[in-house]
1. Measure nothing but the geometry: give the 0 to 90° angle between the long axis through the Cα atoms of C:42-69 and the longest principal axis through the Cα atoms of chain C, rounded to 10°.
2. Grab the Cα-Cα distance for A:TRP41 and A:ARG179, subtract it from 0.36 nm times how many residues apart they are, and report the gain in nm with one decimal.
3. Between the stretch A:25-93 and the stretch C:217-259, what is the C-alpha centre distance in whole Å?
4. Please work out, to two decimal places, the log10 of the ratio I(q)/I(0) at q = 0.10 Å⁻¹ from a Debye calculation in which every Cα of the protein assembly as shown carries one identical scatterer.
5. Assigning unit charges at the beta carbon (Lys, Arg +1; Asp, Glu -1) and nothing else, what dipole magnitude in debye, to the nearest 20, does the stretch A:66-147 show about its Cα centre?
6. Whole number please: convex hull volume per residue of the Cα set in the stretch C:13-253, in Å³?
7. Between A:SER125, A:SER228, A:SER17, where does the largest GNM mean-square fluctuation fall for chain A, given springs only between Cα atoms within less than 10 Å?
8. Note down the relative contact order for chain C as a percent, whole number, built from C-alpha pairs under 8 angstrom at least six residues apart.
Amino acid sequence: MYAQMVETGVKTVKDRSEMGAEEQAFMARIDEESKIEPQDWMPDAYRKTLVRQISQHAHSEIIGMQPEGNWLTRAPTIKRKLQLAAKIQDECGHGQYLYSAAETLGVGRDELLDQLHTGKAKYSSIFNYPTLNWADMGAVGWLVDGAAIVNQVILQRTSYGPYSRAMVRICKEESFHQRQGYEILLTMMEKGTQAQKDMVQDAINRLWWPSLMMFGPNDDSSPNTAQSLEWKIKRKTNDELRQMFIDQTIPQLEVLGCTAPDPDLKWNEATGHYDFGEINWEEFFNVIKGNGPCNKQRLAKKVNAHEQGAWVREAAMAHATKQQAKAAAKVA
Amino acid sequence: MSTADWPLFEVFIRSRHGLSHKHVGSVHAVDATNALENARELYTRRNEGTSIWVVPSNTITASAPEQKDALFTSPVDKIYRHPSFYELPAAVDKM
Amino acid sequence: MTALTQINSNHDALNTYILRMADNNLVLGQRLCEWCANAPILEEETALMNTSLDLFGQARNWLNYAVDRDASLQDCDAVTMLRDERSYLNMLICEQPNGNFADTMARHYLFDVWHRLTLEVLCNSANETVAAIAAKSILEVRYHEQRTRNWVIRLGDGTEVSHQRMQTALDDIWTYVGEMFTQDEAELSLVAQGVAPDQQTIASQWRDIVSATLAEATLTMPEDGYSQMGGKQGEHTEGLGIMLAEMQSLYRAHPGAVW
């Protein structure tokens, strides 16, 4: 999930009887699965939560370009370079769709980017891990995009119209990402040298746990989930989504002929799900706090690009303003 | 450190010949020419379009949600505007 | 298994020409990849990557044709990854470092105009395959030119800072312009056969188009001074070797591997 631990600002879910008429009518629309649109009345906390979640999602897409960009110049074949460039470009596009959706809530993209650049806004913890060999391009596509897709498919039904429509578009475009990633790994496992096979297992070993962390903390330490579910901003809990992801991923792992770095991972006949080991939450909370292997470098690169580009953005705007003045003078 | 972001344009795309332009989202751009470029880059990466319209977002006038009932409920009763209101014998019902 | 061998560098006139076209695209496309996550605004991030995709796609079409004509080139990846800088035949302008956004746009626009004019003639080449590849490329390149032209004008006319940077960018890149219009014997033989365009004709068209754009951008067209040459014969600036070392590192570290 590209949005983790999104603060709702609400301690307990409000009882319907405590709500005024406007809010009751709003909740009735949520209950009947009708979409909330930008100009509709909405509780302030709903609006703020959405801005946080959508912008965190957007920031993740944008920062997510960096770990893949790390291998773009070294892609081993032209075909792989084209695929990777197209995928990175999609991510940039998805960031833009999501910023657009957030902007319908009355907050400018510049303000959202400022929050990212100053460290006030978060992005997904996964992008603070380094990509250390080419198989990471496969593992990122398969596991990271795979985990994101589990969440995003469900978010197509999220209650806020512009967010839901952005998710529909994103899901449609992202379906190739996971397949592309898996195919990179499969090619290396089926046709590769021992060194390539070792790269694949190494990538899975490093990215497995961080991928599971993408879904956020366990439900019992996720105080915001209940309210987000009530508003239908979220549609399933972190643990439900994580379990769905693991259940669908293990058969794919077996086809690859690789293993997950989890000795406790096994099929549970009684529950019909895979059991898995305890996630290292200390690591997770540290990465969220800014202590991950790449937090500083990712943010520094983003801030640098923004600052180095300021004169370009200003120049383009200045030119457009001059043109408009000229056009106005002609009319007058 | 913040410089004002470029203005917002709404983007409409005609996906196939003969269809209407449909709203697909928005882009930031310095002017209309730039908005067309940016919309082309962002919204037609998969061959989705045959024509693009861009409109400055701040020029759109929208109906107010509070007026929804006043504006849109009246036609609900006017079922005589729909062909299914008129019952015809089976022999001519393809009309 | 393909061995890690040096790729044949004795090409006939046509393959020399094809590889020059391919390498222009490869090298400029690779430079644009280096912008990833560094662009001044998200919209440009998408646009630069789109252009890079176009250029690599075009390079692949040219390379496939070169490989069809000369099996010793193996395949389009081998010919991309196993040639050293002395065997790359792109023009020097394409390999120049990205610099700032004005440097990138100046380099790109001057090349785009040349590229479009050259492809326009190649669409009617006596060689049908060349004509077909050109016809496919030109649609993309027309758009590249339009976009970079707009940027040259925006930056030239924009603010004092951007005007200064765009003027400096033009002054700096100008020494690599002359090479675009020089033709060696191999290329002149193709001109005689109606396969390749005469760059003398293109040079004057190029000059008219570029000077009109620079005038609109309030920029001064630099004086033609001494031209740096040699890229088309495999003598490059130092930056190319480093760029290729990065691009080729993974492929070369695993000889014969399938990706």
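1. The angle comes out near 30 degrees.
2. On the way: separation 138, 0.36 × 138 = 49.68 nm, distance 4.05 nm.
So the chain would gain 45.6 nm between A:TRP41 and A:ARG179.
3. 36
4. Values, matching the q order: -1.03.
5. Details: 8 positive and 9 negative charges, 78 e Å.
Dipole size: approximately 380 debye.
6. Numbers: hull volume 27.6 nm³, N = 241.
Convex hull volume per residue, Cα atoms: 115 Å³.
7. In the Gaussian network model the winner is A:SER17.
8. Numbers: 346 pairs, mean separation 68.7, N = 259.
Rounded, it is 27 percent for chain C.
The values are calculated or read from the model by the stated rules, or taken from the named source; none is laboratory data. The structure presented is a predicted model; accordingly, all values stated were derived computationally and were not measured. When we count neighbours, we look across all protein chains shown, and the Cβ atoms used for this are built from the backbone with ideal geometry, even at glycine. With ligands, DNA and RNA removed, areas are computed over all heavy atoms of the protein, side chains included. Shrake-Rupley method; radii C 1.70, N 1.55, O 1.52, S 1.80 Å.
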